1. If I go through region 28-57 residue by residue, how many of them are surrounded by fewer than 23 Cβ atoms within 10 Å (Cβ to Cβ), more than 10 Å from ligand 3 (Cβ to nearest atom) and touching a residue at least 24 places away in the same chain (Cβ under 8 Å)?
2. Looking only at region 28-53, which residues are more than 10 Å from ligand 1 (Cβ to nearest atom), within 22 Å of Val413 (Cα to Cα) and not in a strand (DSSP E or B)?
3. Could you run through region 359-412 and say how many residues are farther than 22 Å from Leu262 by Cα and part of a strand (DSSP E or B)?
4. Search region 293-311 for residues being among the hydroxyl-bearing types (Ser, Thr, Tyr) and assigned to a loop (DSSP other than H, G, I, E, B), and hand back the single one that is farthest from ligand 3 (Cβ to nearest atom).
5. If the requirement is being of a type outside the set (Asp, Glu) and open to solvent by less than 10 Å² (accessible area, probe 1.4 Å), which of these qualifies: Ala314, Ala274?
6. Out of region 294-309, which residues are more than 10 Å from ligand 1 (Cβ to nearest atom) and touching a helix residue (DSSP H, G or I) at 6+ places or on another chain (Cβ under 9 Å)?
7. If Arg191 satisfies every condition in (1) within 16 Å of ligand 1 (Cβ to nearest atom); (2) open to solvent by 20 Å² or more (accessible area, probe 1.4 Å); (3) at pLDDT 95 or above; (4) among the basic types (Lys, Arg) but one, which is the exception?
8. Pull up region 100-124, narrow it to residues that are of a type outside the set (Lys, Arg) and part of a loop (DSSP other than H, G, I, E, B), then point me to the one that is farthest from ligand 3 (Cβ to nearest atom).
Amino acid sequence: MPTIAIIGAQWGDEGKGKIIDLLAEQAKMVVRFAGGDNAGHTVINPLGEFRMHLIPSGIFSPGVSCLISNGVVINPAVLFEELDNLQRHDVDVSNLFISDRAHLIMPYHTLLDALEEEAKGGGAIGTTKKGIGPAYADKSARLGLRAGDLLDKEAFLGRLRSVLNYKNRILTKVYGAQPLSLDEVYEQYCRYGERLAPFIRETDLMIHDALDRGELVLLEGAQGTLLDLDFGTYPYVTSSSPFAGGACIGTGLSPNKIDRILGVFKAYNTRVGAGPMPTELKDEIGERIREQAHEYGTTTGKPRRCGWFDAVLARYSARLNGFTGAVITRFDILDTFPSLNICTAYRIDDQVLTQPPSNVALLERCQPVYEEVPGWQSETCNIRRFQDLPKEAQAYVKRIEELIGCPVALISVGPSREQAIMVRPIL
Ligand code: GDP
Ligand code: IMO
Ligand code: MG
């Protein structure tokens, strides 16, 4: 059985949660490998409607092991809230495991995220203020505390004392904020540690064992490729590596162990937070997409910026990730439009570009070159076979395939698990 990575191909919120929930029915293991509770994955299935921030969206399928691996940064308070909510809905969480190497989000991370954003003024990134950037920065600076550290309280106290001493100096001297109390943070995290202990494992070994047994393993991406720290629209990015390369670092899997890489694309584009978005529609069409599709952030509630499908960025994303298949979600949202635009190139001064520039100031200046295609103006949410889609809808999918250079394997036509059209076998 293959290992399949499911990757956000745009700026996040492509519908990864729904796709994982759907594919997990056939899997034995789902591993969330990057990001933290900046993610919000919506799952709607017979057990209810859930907004997942940390726990893999495979948790609803009985017998599937769900791992939060080393690449994730964990805020224990958010994790416990999520666990409690699942248990209230009678979801079995006995197969959840957490990497001893996963870094912890500490109270100073969330405080500093907000303070740093404020200090940036007009240059703010529009982060989720969940402490993600500061937690990954500490991981790189070798100042992080990991889930496994909670298992040895004395050693944890020693590390916390020295890190907190440093963080308090920044909080008070740079930002004029109140210092955090060592005793309070220590006691709070000791309580978290007691509750986390039964979940903590060496998740890399568990994944390798599952592969040795020939089981189907899904790697659940968070965020999206255009938010990648290296390949996204830097500095308007998140602080992790949500693209396919991050799946190796975030799990401990060798690149030669990942067999398929599925890119999840919305049928149009959205973005939360600041940064360039060449196809953004600041007119009534953008407003119509936002209201019709209820494009408001799962984690922040912020209105998402909406625009036409950007095939320049989609092709870039497909190439970077090496997608073996694409999933198109929210297809039904385009049902009512008489015509649709697809951005096939950018114009900047007198040049036409077919690759996005890496420089964010240049990308800001890029004007989309559109190809207008007819809409289908009929409901698709109850269609389950590709050949039953209106011919204009089939043509839209085929044009996207052509432009991004990878076959479409699945089309999602509604938020519920069963609202999907399998175009080609994925497994
Ligand atoms: P994720 O972060 O990639 O998992 O995506 P989010 O859950 O943040 O945002 C996707 C939104 O679209 C959620 O509200 C889903 O319930 C919804 N959704 C997913 N697929 C479809 C679809 O095909 N059609 C419609 N109408 N909604 C969808
Ligand atoms: P899922 O997994 C959409 C965006 C934030 C902000 C930028 C940096 O649900 O697709 P951060 O808090 O990560 O430092 O914020 O990244 N962002 C997301 N946008 N979906 C997400 O996750 C996101 N996670 C982060 O809005 O612009
Ligand atoms: Mg989301």
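The values are calculated or read from the model by the stated rules, or taken from the named source; none is laboratory data. In this text the structure is predicted, and so the values were computed from the model without any measurement. Using ideal geometry, Cβ is built from the backbone for each residue, glycine included, and neighbour counts are taken over all protein chains shown. SASA here: full protein model, heavy atoms, side chains in, ligands and nucleic acids out. Shrake-Rupley method; radii C 1.70, N 1.55, O 1.52, S 1.80 Å.
1. Within region 28-57, residues that are surrounded by fewer than 23 Cβ atoms within 10 Å (Cβ to Cβ), more than 10 Å from ligand 3 (Cβ to nearest atom) and touching a residue at least 24 places away in the same chain (Cβ under 8 Å) number 7.
2. Selection gives Pro46, Leu47.
3. Summing the residues that are farther than 22 Å from Leu262 by Cα and part of a strand (DSSP E or B) in region 359-412 gives 8.
4. Thr300
5. Of Ala314, Ala274, the one residue that is of a type outside the set (Asp, Glu) and open to solvent by less than 10 Å² (accessible area, probe 1.4 Å) is Ala314.
6. Passing the criteria: Pro303, Arg305, Cys306, Gly307, Trp308, Phe309.
7. In the conditions (1) within 16 Å of ligand 1 (Cβ to nearest atom); (2) open to solvent by 20 Å² or more (accessible area, probe 1.4 Å); (3) at pLDDT 95 or above; (4) among the basic types (Lys, Arg), Arg191 misses (1) alone.
8. So the residue we want is Asp100.
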